[in-house]
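Down below is the structure, laid out as structure tokens.
Please treat every number below as a calculation from the coordinates, not as lab data. Computed from a predicted structure; not experimentally measured. All Cβ positions, even for glycine, are placed from backbone atoms using ideal geometry, and neighbour counts span all protein chains on display.
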């Protein structure tokens, strides 16, 4: 066996095998072809012997079928043998007539199954025939044993071949895995280059927008913008002052109406409760009420409160409350005027704000700011993608040394010595 392998592979592989990464597939193909040749060569003669052995067993089985029983054997034993013989012959003939393929992978399991069936038949139905046909059954056993020894020879050869094939398959898988990693790294690096280009382009756009925004601050039209801002601020200040005055008036009246409402609840006057609450709602509403509606609501609420004040049911606590209820008509006029003024000032604020916001300089500034914000968001996404890609590249490249070591180890086991692997793919060499 050893001399045949030496003829096939050479006396021994070089102690320091040097092979390029790109040559691995063809080297493995040659190795597998050689291993296959060894298997075929080792088993060719054995296959022939097994086929001859099966033919011999068929002849022995036919002899058993024609053999005469010893007359001195106990009649009961002869009767058992007579009943078992047909079953045994059918079983043996069925086993020995199995088709045996030419290829070793198909031949081996078929031969093993044939042998098992013959053994089972001989130990089963054939166990009663040993006494009746001792010579013939001894020949059957010898034939089965001979086939078994030959099958063991194939078993050993297949084990060696499969061990070599497993190594070859593992080496191919590792080589493919490294190739895939190389391809993936190449694609990732190309993607990274595209991301870098986009980041550079977006950064340049962002810087240009920043310069344009800064340039607007020195635009000659900025004076107009500042005047509009000042006008808006003055109008808003006037509105806020009016709101404070209005709030003071409405809160004072609402406080008295609230006390009147509580008394109306105790006195169980639902219509009065409704009138008082409606007046309070209008006075405390964030929206400016209609003057006519407010005047009508106050006209319904003031008499109720005045009656309770006169009856001593509620008490006015300060001069502001006394000032209002000493002349409710004047208060209605004042609060209505206040709301009208406030409504006019709010409209003036709206107009001043629209005039400011529609100025071409500010329209342009807002447009630039929006574009800069969008580009900033795009830059963040690209930066995040680059970070994720860098992380993936780092983790993927960390796999390369381990896979390379495994590949070198398996090739080394196959050649029986050290292996120097030349990585001709720079994407893998960096790993």
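Tabulated values for the structure
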quantity: Calculated on alpha-carbon atoms, Rg and Dmax of the chain in Å; calculated: 53.3, 152
quantity: Choice from 277, 370, 44 showing the highest fluctuation, given a GNM over the chain with Cα pairs closer than 10 Å; calculated: 277
quantity: Cα-projected label distance for residue 99 with residue 192, points at 7 Å along beta-carbon direction, nm; calculated: 5.8 nm
quantity: Mean separation of Cα contacts under 8 Å (6+ apart) over length of segment 23-186, as relative contact order %; calculated: 39 percent
quantity: Angle in degrees between helix 291-310 and the longest Cα principal axis of the chain, rounded to the nearest 10; calculated: 70 degrees
quantity: Candidates 166, 99, 391, ranked by Gaussian network fluctuation over the chain, Cα under 10 Å, top entry; calculated: 99
quantity: FRET efficiency for residue 138 and residue 413, using Cβ-Cβ distance with R0 set to 35 Å, rounded to 0.05; calculated: 0.15
quantity: log10 of Debye I(q)/I(0), alpha-carbon scatterers only, for segment 289-431 at 0.14, 0.16, 0.22 Å⁻¹; calculated: -0.88, -0.99, -1.26
quantity: Debye equation applied to the C-alpha atoms of segment 170-312, log10 I(q)/I(0) at 0.12, 0.14, 0.16, 0.18 Å⁻¹; calculated: -0.74, -0.85, -0.94, -1.04
quantity: Order of 315, 396 under a 10 Å beta carbon neighbour criterion, fewest first; calculated: 315, 396
quantity: Relative contact order (percent, whole number), the chain, Cα cutoff 8 Å, 6+ residue spacing; calculated: 28 percent
quantity: Backbone N within segment 127-153 under 20 Å of label point (7 Å from residue 65 Cα along the Cβ vector); calculated: 127-130, 132-144
quantity: Calculated [θ] (222 nm, deg cm²/dmol) that DSSP helices of n ≥ 4 give over the chain, each run adding -39,500 (n - 2.57); calculated: -30000 deg cm²/dmol
quantity: Inter-part distance where segment 27-53 and segment 166-222 are each reduced to a Cα centre, Å; calculated: 55 Å
